[in-house]
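Okay, so here's the structure we're looking at.
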Amino acid sequence: MNEGRAAIRYAKATLDLAVEKKSAEAVEKDMRLIKDTLAENKDLASLLGSPIVKSGVKKNILGEIFKDCHEITKGLLGILTDNKRIDLLKEVALKYIIQYERLKGEDVAFVTTAVPIDAALKKKILGEVTKMTGKKVTIENKIDTSILGGFVLRVGDLQYDASIANKLDALKREFTDSL
């Protein structure tokens, strides 16, 4: 199964259970914590993706790190570990956040840049995206040095690629086609 689709299914099932138990907001806070923890700690992310480390060890480590999380979140961690899909944890957390924001009538705009964006630029982007979509939007900044400069903006199914890497690729294709 496609990794992205699997992450969406785990996230959707978790959100459905959280909504049913009236705990969606608490679980969303946990998912943000998980996403940030895995983004900041590359060693933990690589440990979770390692086929050498046994599932029981992974479950114990995650249990200690996220011991203050909601029971639904702990259940998700257990299911992902038992199904040998714990490497999807960061993606599941991200998909949960997106689905929860949409459930609240909000949207998440992903801005990929080569360097972190400052607060003033974030505010300006937020204003433009809000005008464009007509919804309340939150900004998630992803750092990807491979785009060289510029930005890639993704809101739902819409994507605008103003990256230097994209422009260089377009020039390369144009030169190749003219030969």
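For the reader, a short list of remarks on this structure follows.
- Of the residues examined, THR138 is one that is within 27 Å of GLU25 (Cβ to Cβ) and among the polar types (S, T, N, Q).
- Scanning the range 81-91 for residues that are under 17 Å from the mean Cα position of the chain (by Cα) and either open to solvent by less than 20 Å² (accessible area, probe 1.4 Å) or among the β-branched types (Val, Ile, Thr) (or both) turns up ILE86, LEU88, LEU89.
The values are calculated or read from the model by the stated rules, or taken from the named source; none is laboratory data. Fair warning: this is a prediction, and the values are worked out from it, not measured in the lab. Cβ atoms come from the backbone with ideal geometry, glycine included; neighbour counts cover every protein chain shown. These area figures cover heavy atoms from the full protein model, side chains too; ligands, DNA and RNA do not enter into them. Shrake-Rupley method; radii C 1.70, N 1.55, O 1.52, S 1.80 Å.
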